[in-house]
Amino acid sequence: MTETSVPGLEAILLVGGQGTRLRPLTLGTPKPLLPTAGVPFLAHQLARARSFGVRRIVFATSYKAAMFEPVFGDGAEFGLSLEYMTEEAPLGTGGAIRNAAEGLTAAPTDPVLVLNGDILSGHDIGDQVRTHLARNAAVTLHLTEVDDPTRFGCVPTDDDGRVTAFLEKTSNPVTNRINAGCYVFTRSVIDRIPRDEVVSVERETFPGLIESGELVLGYHDRTYWLDVGTPAAFVQGSRDLVLGRLASPALPGPTGDHLALDGADVSPEAKVNNGSAVGSRAVVEAGAVVSGSVLSDECVVEAGATVTDSVLGRGARVCSGAVVRDAVIGDGAVVGPGNELQAGIRVWPGVRLPACAVRWSSDI
């Protein structure tokens, strides 16, 4: 338990999204279950939440909801108690939180942590909760700073930390502080969200609280933060965890240049580096180069192939002489010899590219 833990804290984990930006990886697997630094992405969030005193988590599921419980069970393996609440139809962020709250045991005045299932963050959750309690806030939002706030809605605060507005994406943002996707609610505030209705906390709940004069507090810091919703960001998140740029109690091995799971067959004559993760029963043959990439279980990188800053789905194969750079290769797909894939290209599951079918340059 960390020095800043809050014993007995309950949490809601929002994992209902379809992960469309990560297709084709998410066609068969929900985004929060994708292998990230050797384990399902959510394993990092669960382990971190537990380190801050969380002991019970309610999953707010929707897309492929039945796939979560077989992976995490009752949570005992993580030292947690897990509950699963499913939306029959998507209800938005607010509706999902309200639906999941039916599985909480917290009293009306207790704090409830709400986490988004696609965020990696190094911030001090315990300190955020204690700030919320000390200020008697309705909601306390984690805020982070980004270089380009035009891609996000921005969240201005006054000198006392009170959130003054939620502003949609604009070409002239008033601040580079954005909503980082981790909230602390007072339980009674969640209970006021309408049941079984589509509600957005960003567009309705939070602005409504501000307008009514209730305290919506911003908890700002400059620690590690990443939204893993795009292929490039997903690869970066896995790479950063393997390299130790963000600590995770769930990492299934020591940090270092690469991580190979039990059962992986990595030739000593292959070059695997820059935070690459190699899944169980995956094969990297002699002479292959794998840099900064995620190789899912049972995939194969043949001799002389190069895979850089990319994701290979389960059972995918990259044949000799092929180059895969900044690409997503779906489950079971085969990239034939001599292909050159890059610049964000995506190959759908089961597709077989013949030799030299796709080239980025003219040389053969």
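Things worth noting here:
- Residues of segment 145-174 that turn out to be among the β-branched types (Val, Ile, Thr) and out of contact with any Ser or Thr (no Cβ under 8 Å at 6 or more places or on another chain), as a count: 2
- Of the candidates Ala233, Ala270, the single residue that is without any contact (Cβ under 8 Å) to a residue 12 or more places away in the chain and among the aliphatic types (A, V, I, L, M) is Ala233.
- Taken together, the residues in segment 297-321 that are touching a helix residue (DSSP H, G or I) at 6+ places or on another chain (Cβ under 7 Å) and open to solvent by 10 Å² or more (accessible area, probe 1.4 Å) amount to 1.
- Options Ala180, Ala138, Ala134; residue that is among the small types (Gly, Ala, Ser), closer than 27 Å to Glu10 by Cα and free of Cβ contacts under 8 Å to residues at least 40 places away in the same chain: Ala134
- Positions within segment 309-326 being within 21 Å of the chain's Cα centre (by Cα) and free of Cβ contacts under 8 Å to residues at least 40 places away in the same chain, in sequence order: Leu312, Arg314
- Some residue of segment 17-34 being without any contact (Cβ under 8 Å) to a residue 60 or more places away in the chain, closer than 20 Å to Thr205 by Cα and small (Gly, Ala, Ser): no
- Candidates Val174, Val184, Val155 - the one that is out of contact with any helix residue (DSSP H, G or I) (no Cβ under 6 Å at 6 or more places or on another chain) and under 18 Å from Trp225 (Cβ atoms): Val155
- Considering Val307, Val242, Val272, the condition of being within 24 Å of Gly350 (Cα to Cα) and not in a loop (DSSP other than H, G, I, E, B) is satisfied by Val307 alone.
- Matching residues, segment 284-301, being in contact with a Lys or Arg (Cβ under 7 Å, 6 or more places away or on another chain) and over 17 Å from Ser238 (Cβ atoms): Val289, Glu298, Val300
- Selected residue [within 23 Å of Leu82 (Cα to Cα) and either buried (at least 22 other Cβ atoms within 10 Å of the Cβ) or touching a Leu at 6+ places or on another chain (Cβ under 8 Å) (or both)] from Gly117, Gly126: Gly117
- Meets criteria (within 25 Å of Asp240 (Cα to Cα) and either among the small types (Gly, Ala, Ser) or more than 20 Å from the chain's Cα centre (by Cα) (or both)) for Asp159: no
- Taking the criterion of being open to solvent by 40 Å² or more (accessible area, probe 1.4 Å), part of a loop (DSSP other than H, G, I, E, B) and more than 27 Å from Ala101 (Cα to Cα), the residues of segment 174-198 that qualify are Val174, Asn176.
- Filter pass, Leu261 being of a type in the set (A, V, I, L, M, F, W, C), within 24 Å of the chain's Cα centre (by Cα) and either at pLDDT 95 or above or under 25 Å from Arg21 (Cα atoms) (or both): no
- Qualifying residue in segment 277-296 (condition: under 22 Å from the mean Cα position of the chain (by Cα), within 20 Å of Thr29 (Cα to Cα) and open to solvent by 40 Å² or more (accessible area, probe 1.4 Å)): no
- Search result, residues across segment 322-333 that are open to solvent by less than 40 Å² (accessible area, probe 1.4 Å) and out of contact with any strand residue (DSSP E or B) (no Cβ under 6 Å at 6 or more places or on another chain): Gly332
- Inside segment 41-93, residues that are assigned to a loop (DSSP other than H, G, I, E, B) and not acidic (Asp, Glu) make up a count of 12.
- Scan segment 340-364 for residues that are assigned to a loop (DSSP other than H, G, I, E, B) and closer than 17 Å to Val300 by Cα and the total you get is 6.
- Of Gly28, Gly19, Gly75, Gly8, all but one fail to be of a type in the set (Gly, Ala, Ser) and touching a helix residue (DSSP H, G or I) at 6+ places or on another chain (Cβ under 6 Å); the exception is Gly19.
- Pick from segment 45-71, criterion closer than 19 Å to Val112 by Cβ and open to solvent by 10 Å² or more (accessible area, probe 1.4 Å), ranking: nearest to the chain's Cα centre (by Cα): Gln45
The values are calculated or read from the model by the stated rules, or taken from the named source; none is laboratory data. The shown structure was predicted, so the numbers you read here are calculated from the model rather than taken from an experiment. As a convention, Cβ positions derive from the backbone with ideal geometry for all residues, glycine included, and neighbour counts pool all protein chains shown. Side chains are part of the model used for accessible areas, which takes the heavy atoms of the whole protein and leaves out ligands, DNA and RNA. Shrake-Rupley method; radii C 1.70, N 1.55, O 1.52, S 1.80 Å.
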